[in-house]
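Undergrad: My structure is below; once you've seen it, I'll send some questions.
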Amino acid sequence: MNKTVWMKEAEKRGITDFEIYEQKSSSTSIQLFEHKVDGFTISECDGVAIRGIYQGKMGICYLEDASDTNMDYALSQLMDNASIITSEDEVEIYAGEDSYPEVKQKENTFKLKSSEEKIALLKQIEEAIYASDERIEQVMSVDYAESDVTRSILNSKQLSLSDSNSYSMVMAQVMAKDHEDVKSDYDWAVIMDEKDIDVQAFANKLSKKVCDKLNATQIPSGNYPVIMEKDTMISLLGALCGLFDGENASKGISILKDSLDKQVFNEKITIIDDPLMDYGYSSCSFDDEGVSCKKKTVVEQGVLKTYLHNLKSAKLMNTTSTGNGFKAGYASNVGISPTNFYIQNGDTSFDDMVSSMEQGVIITDITGLHAGLNPISTEFSLQSSGFYVEHGKIVKPINLITVAGNFMDAMKEIEAVGNDLKFSYSGIGAPSIKFKELAISGE
């Protein structure tokens, strides 16, 4: 693709502003089962999205083959698409900024390992898990995933940006058995170099995680103080990111509409979106519209300070983009997404939260988020498992319970925020949080 030629031809056809967005990606996945390679896949994709303003409307065309021989077809499609748009929303191809921040990213040297070395690591993990506890009945899978993504934006307003991101990770899923009771669980680790993973520690952690679930029972239904363990909070926060979406707020869809500078959560809650975080999983210096990224406090001590915006939502709310205009893939429209989005650490240890409970529940797993959580009202009713606490001590594992409530209400009734912040590989982060009371359905 000769991008200069495409730019000139677009101008000849009356496309006043024109943009070429390119995303090159490659991935490798390896699946191990019972010490044998059960799957090995390598894939590559080079996708291009062209956008342009024609007769005042934004036209778009997506291409997997962006060779110059397809230029006439692609530009014609863009013009045809623009001609059928009836929306009066103002559209824009971004001119860019004088400078963009630098982002520290760790180099992925593990991807340079041979396939044999990557498979050998998976075998080591599998062996270590089996050896970690006699109750490990089966290692259901040990997987390796590797991704390299390069994106670039070039437009007729002299904007020219590019960056790349790469990561490798391992995942393992196991099953434990004690007499007739069977439980399963999984864990993962990002490995940018071989020092990032301690095989024995990884195996021991996963083994303990699943074996601690064995012989779980129910508890009587009632209202209990609840500690949402950090992984559970990550799941809840990730499912409710739309609350902070500027377009949702402008359309009245978000329950946080008209809530700027108002107290929406407990004062112990501060939420940050930080695309410039050193070595963050979702760090980047610019979004998919070419807007410079910046760290922002979304909620400060319970007060909503900003929504997340792309160019479109910013215009709708008469403000500026926060640099959160991202695509789900090259062949999708620009939406609004968080980057490294997290609830800030508190000052209470997990052990201290547990010891403060006379009688309560720790939730470590929730399922059914798509069916059991209403992202508009934030009402939730989720099948859960975890541990029962008495007199400040964990006394037994519990399962087959349901935790229910309203997220907005619960986030106002917080007794403690943990100091154990963790991030998922999607960039969502949270510490464990102790809630004053939630409804538990059990026996």
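Undergrad: Under the 0.36 nm per residue contour assumption, what length would be gained going from the current alpha-carbon distance of Met140 and Asn333 to full extension?
TA: 65.7 nm
Undergrad: Can I ask one more? For Glu289, Glu44, give the ranking by accessible area with the largest first, probe 1.4 Å. Present the calculation step by step, with values, prior to reporting the outcome.
TA: On the way: Glu289 10, Glu44 155 Å².
Largest accessible area first, the list is Glu44, Glu289.
Undergrad: Also, I was wondering about something else. When the dipole is taken about the Cα centre of region 195-260, and only Lys, Arg (+1) and Asp, Glu (-1) are charged at their Cβ, what size is it in debye, to the nearest 20?
TA: 220
Undergrad: With 5 Å bins from zero, work out the P(r) of region 151-246 over every alpha carbon pair and list the percent per bin.
TA: Pair shares across the bins are 2, 8, 11, 12, 15, 15, 11, 9, 6, 4, 3, 2, 1, 0.
Undergrad: Kindly state, to the nearest 0.05, the FRET efficiency for Glu88 paired with Tyr279, given R0 = 60 Å and r defined as their beta-carbon distance.
TA: Computed FRET efficiency for Glu88 and Tyr279: 0.90.
Undergrad: Between Asp196 and Gln55, what's the calculated FRET efficiency when r is the beta-carbon distance and R0 is 45 Å? Round to 0.05.
TA: The computed FRET efficiency comes out at 0.30.
Undergrad: State the Cα centre-to-centre distance between region 1-47 and region 328-369 in whole Å.
TA: Value for the Cα centre distance between the two parts: 32 Å.
Undergrad: What value, in deg cm²/dmol to 500, does the helix sum -39500 (n - 2.57) over DSSP H runs of n ≥ 4 give at 222 nm once divided by the residues of the chain?
TA: Helices in the chain give a 222 nm mean residue ellipticity of -5500 deg cm²/dmol.
Undergrad: Calculate, in nm to one decimal, what Leu112 and Ile42 gain on full extension: separation in residues at 0.36 nm each, minus their alpha carbon distance.
TA: Here the answer is 23.8 nm.
Undergrad: Set the Förster distance to 35 Å, then compute FRET efficiency between His179 and Glu267 from the Cβ-Cβ distance, nearest 0.05.
TA: For R0 = 35 Å, the calculated efficiency reads 0.15.
Undergrad: Still on this model: Between Lys257 and Thr367, with labels modelled 7 Å along Cα→Cβ, what's the label distance in nm to one decimal, could you check?
TA: Rounded to a tenth, the inter-label distance reads 3.6 nm.
Undergrad: Once you charge only the Cβ atoms, +1 for Lys and Arg and -1 for Asp and Glu, what is the size of the charge dipole of the chain about its Cα centre, to the nearest 20 debye?
TA: The dipole of the chain has a size of about 600 debye.
Undergrad: Can you tell me the relative contact order of the chain? Whole percent, Cα pairs under 8 Å, sequence separation 6 or more.
TA: Worked out over the chain, it gives 15 percent.
Undergrad: If I take every Cα pair under 8 Å that is 6 or more residues apart in region 293-423, average their sequence separation and divide by the length, what percent do I get for the relative contact order?
TA: Averaging sequence separation for qualifying contacts and normalising by length gives 20 percent for region 293-423.
Undergrad: Which entry in [x] 23.2; [y] 25.5; [z] 31.8 matches mean projected area of the Cα convex hull in nm² derived from the coordinates of this structure?
TA: It is the one labelled [x].
Undergrad: A follow-up question, please. Taking the simple approach of a point 7 Å from Cα along Cα-to-Cβ for both Ser29 and Asp409, what is their distance in nm?
TA: 4.0
Undergrad: Go through Gly252, Ile272, Pro338 and say which Cα lies farthest out towards the positive end of the charge dipole of region 227-352; charges sit on Cβ, +1 for Lys and Arg, -1 for Asp and Glu.
TA: After comparing all options, I get Gly252.
The values are calculated or read from the model by the stated rules, or taken from the named source; none is laboratory data. Given the structure is predicted, the values throughout are model-derived calculations rather than measurements. For neighbour counting, all protein chains shown are included, and Cβ atoms are generated from backbone atoms with ideal geometry for every residue, glycine included. Ligands, DNA and RNA are excluded from the accessible area calculation, which covers all protein heavy atoms including side chains. Shrake-Rupley method; radii C 1.70, N 1.55, O 1.52, S 1.80 Å.
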